[in-house]
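**Student:** One structure, as structure tokens, below. Some questions next.
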Amino acid sequence: MSQNLPTRRQILKAAAGAASLALAAPVLRLAAQDAGIERLADDLFVVRIPGETNVLAHITGEGLVLVDGASAAASGALMKALAGLPNGGSVATLFNTHWHPEQTGSNDAIGRAGRTIIAHENTRLWLATDVIWPWNGRKFTRVPKTAQPNKTFYTTGELEPGVRYGYIPDAAHTDGDLYVHFTKQNVLAVGDAISGDGWPVVDYATGGWIGGIVGGLQRLQTIANTETRIVPGRGPVLTLADLKAQYEMYARINDRLTQLLNKGRGPGEAVAAGPAKEFEARMGHSDEFVRRSFESLWGYLSPDA
Ligand SMILES: [Zn+2]
């Protein structure tokens, strides 16, 4: 794993020691692709690989604790970035906030190395199953046993004093969402249960729904306080005020969609009603989000569900 990869420091040292100027170009390219690292505390960092979801890295005496692990394609780049953290060693524990491949791409390497992968039991079940998204036909193939979470839970747990985790049962994004609360640093990692970057994917194929987005935002507000830094799966670090604003927005959209459903309207009519239009300036084009959100209500609110 990371021990076998050169750290950025080693690469730069090697380049500096080399007489040939030819080495300079690849090193510059490497630097340009370098991960963005945001320090939240001496032992807690957000690692951003370009085009990837956020990874939270906690440095402990026993190795790194990660919340999410990027996609499989970026796993190598992530391990390299982690090796460059102060005292950044190998990964001891990985949390999967949910099953999506954008977050679980390092599972196989970490699982094979015999390290701990913690997830809600539903996340393990989805990773052990083939999934097809009905709205676009995207297919997800089950992962090998080595890449599946090897420590699952149902309600809450504590990894070590100050690292608490728990289930977000509202199904904001999937039916296996978890949060990790670093209480000493007052940092709350929430995966894609909250989006910090535009409209979220409403993955109703694995339980997510618009009512769950509202419920999750409400629940996570009870864990956070005004000083809490909230790390979503995508986008910048958020505050409790951001969660409140998001809650109000999604609650309004949810109410409008529920009314349309109760009037017997279909997804096309829901999109045409423009229930999220007023938020588009900030959030982006809303049609797909509205359609998915409306369809997500079928599984939860339809009388024959
Ligand atoms: Zn996701």
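The values are calculated or read from the model by the stated rules, or taken from the named source; none is laboratory data. Please read all numbers here as calculations on a predicted model, not as lab measurements. All Cβ positions, even for glycine, are placed from backbone atoms using ideal geometry, and neighbour counts span all protein chains on display.
**Student:** Just the residues that are more than 16 Å from the ligand (Cβ to nearest atom) and either at pLDDT below 95 or assigned to a loop (DSSP other than H, G, I, E, B) (or both), please, taken from segment 84-110.
**Tutor:** If the condition is that a residue be more than 16 Å from the ligand (Cβ to nearest atom) and either at pLDDT below 95 or assigned to a loop (DSSP other than H, G, I, E, B) (or both), then Gly84, Leu85, Pro86, Asn87, Gly88, Gly89, Ser90 are the ones that fit.
**Student:** Restricting attention to segment 230-241, which residues are outside any loop (DSSP other than H, G, I, E, B) and either surrounded by 23 or more Cβ atoms within 10 Å (Cβ to Cβ) or within 17 Å of the chain's Cα centre (by Cα) (or both)?
**Tutor:** Ile230, Val231, Pro232, Leu238
**Student:** Checking Gly212 against (1) under 28 Å from Ile49 (Cα atoms); (2) outside any strand (DSSP E or B); (3) within 16 Å of the ligand (Cβ to nearest atom), only one condition comes out false. Which one?
**Tutor:** Result: Gly212 fails condition (1) only.
**Student:** Does Leu78 satisfy the criteria of being more than 16 Å from the ligand (Cβ to nearest atom), buried (at least 24 other Cβ atoms within 10 Å of the Cβ) and at pLDDT 95 or above?
**Tutor:** Numbers: more than 16 Å from the ligand (Cβ to nearest atom): yes; buried (at least 24 other Cβ atoms within 10 Å of the Cβ): yes; at pLDDT 95 or above: yes.
In short, yes.
**Student:** Sort out which residues of segment 117-130 are buried (at least 17 other Cβ atoms within 10 Å of the Cβ) and either within 16 Å of the ligand (Cβ to nearest atom) or more than 16 Å from Ala72 (Cβ to Cβ) (or both), and write them in order of number.
**Tutor:** Ile118, Ala119, His120, Asn122, Thr123, Arg124, Leu125, Trp126, Leu127, listed by residue number.
**Student:** How many residues are more than 13 Å from the ligand (Cβ to nearest atom) and not in a loop (DSSP other than H, G, I, E, B) when one looks only at segment 174-191?
**Tutor:** Of the residues in that region, 7 qualify.
**Student:** Here's something else I'd like to know. Against the conditions (1) surrounded by 22 or more Cβ atoms within 10 Å (Cβ to Cβ); (2) within 13 Å of the ligand (Cβ to nearest atom), where does Tyr250 fall short? Just the number, please.
**Tutor:** Among (1) surrounded by 22 or more Cβ atoms within 10 Å (Cβ to Cβ); (2) within 13 Å of the ligand (Cβ to nearest atom), the lone unmet condition for Tyr250 is (2).
**Student:** Still on this structure, I have one more. Within segment 58-73, how many residues turn out to be closer than 20 Å to Ala119 by Cβ and surrounded by fewer than 22 Cβ atoms within 10 Å (Cβ to Cβ)?
**Tutor:** Counting residues in segment 58-73 that are closer than 20 Å to Ala119 by Cβ and surrounded by fewer than 22 Cβ atoms within 10 Å (Cβ to Cβ) gives 5.
**Student:** Ok, one more. Is at least one residue of segment 37-55 away from the ligand (no atom under 16 Å from the Cβ), touching an Asp or Glu at 6+ places or on another chain (Cβ under 9 Å) and either in contact (Cβ under 8 Å) with a residue 60 or more places away in the chain or assigned to a helix (DSSP H, G or I) (or both)?
**Tutor:** Yes, segment 37-55 has at least one match.
**Student:** What number of residues within segment 140-166 satisfy the criterion of being among the basic types (Lys, Arg) and either surrounded by fewer than 12 Cβ atoms within 10 Å (Cβ to Cβ) or closer than 14 Å to Thr104 by Cα (or both)?
**Tutor:** Summing the residues that are among the basic types (Lys, Arg) and either surrounded by fewer than 12 Cβ atoms within 10 Å (Cβ to Cβ) or closer than 14 Å to Thr104 by Cα (or both) in segment 140-166 gives 2.
**Student:** Here's a follow-up. Just to check your reading of the model, which residue among Ile230, Ile194 is modelled with pLDDT of 95 or more, among the hydrophobic types (A, V, I, L, M, F, W, C), more than 12 Å from the ligand (Cβ to nearest atom) and under 29 Å from Glu38 (Cβ atoms)? Give the derivation first.
**Tutor:** On the way: Ile194 fails: more than 12 Å from the ligand (Cβ to nearest atom).
Answer to the check: Ile230.
**Student:** Taking Val271 as the residue in question, decide whether it is in contact with a Lys or Arg (Cβ under 7 Å, 6 or more places away or on another chain) and either hydrophobic (A, V, I, L, M, F, W, C) or crowded, with 16+ Cβ neighbours inside 10 Å (or both). Give the derivation first.
**Tutor:** Details: in contact with a Lys or Arg (Cβ under 7 Å, 6 or more places away or on another chain): yes; either hydrophobic (A, V, I, L, M, F, W, C) or crowded, with 16+ Cβ neighbours inside 10 Å (or both): yes.
Judged against the criteria, Val271 is a match.
**Student:** Here's another thing I want to ask about it. Can you give me the number of residues within segment 157-191 that are farther than 24 Å from Glu38 by Cβ and within 13 Å of the chain's Cα centre (by Cα)?
**Tutor:** 2
**Student:** Pairs only if they're at least six apart or on different chains, beta carbon under 8 angstrom, first in segment 223-249 and within 16 Å of Arg282 (Cα to Cα), second charged (D, E, K, R) and away from the ligand (no atom under 16 Å from the Cβ); list them, first residue then second.
**Tutor:** Hits for this filter: Leu238/Arg229.
**Student:** Related question: Filter segment 145-171 down to the residues that are within 17 Å of Ala224 (Cα to Cα) and within 13 Å of the ligand (Cβ to nearest atom) and list them by number.
**Tutor:** The one that is within 17 Å of Ala224 (Cα to Cα) and within 13 Å of the ligand (Cβ to nearest atom): Ile168.
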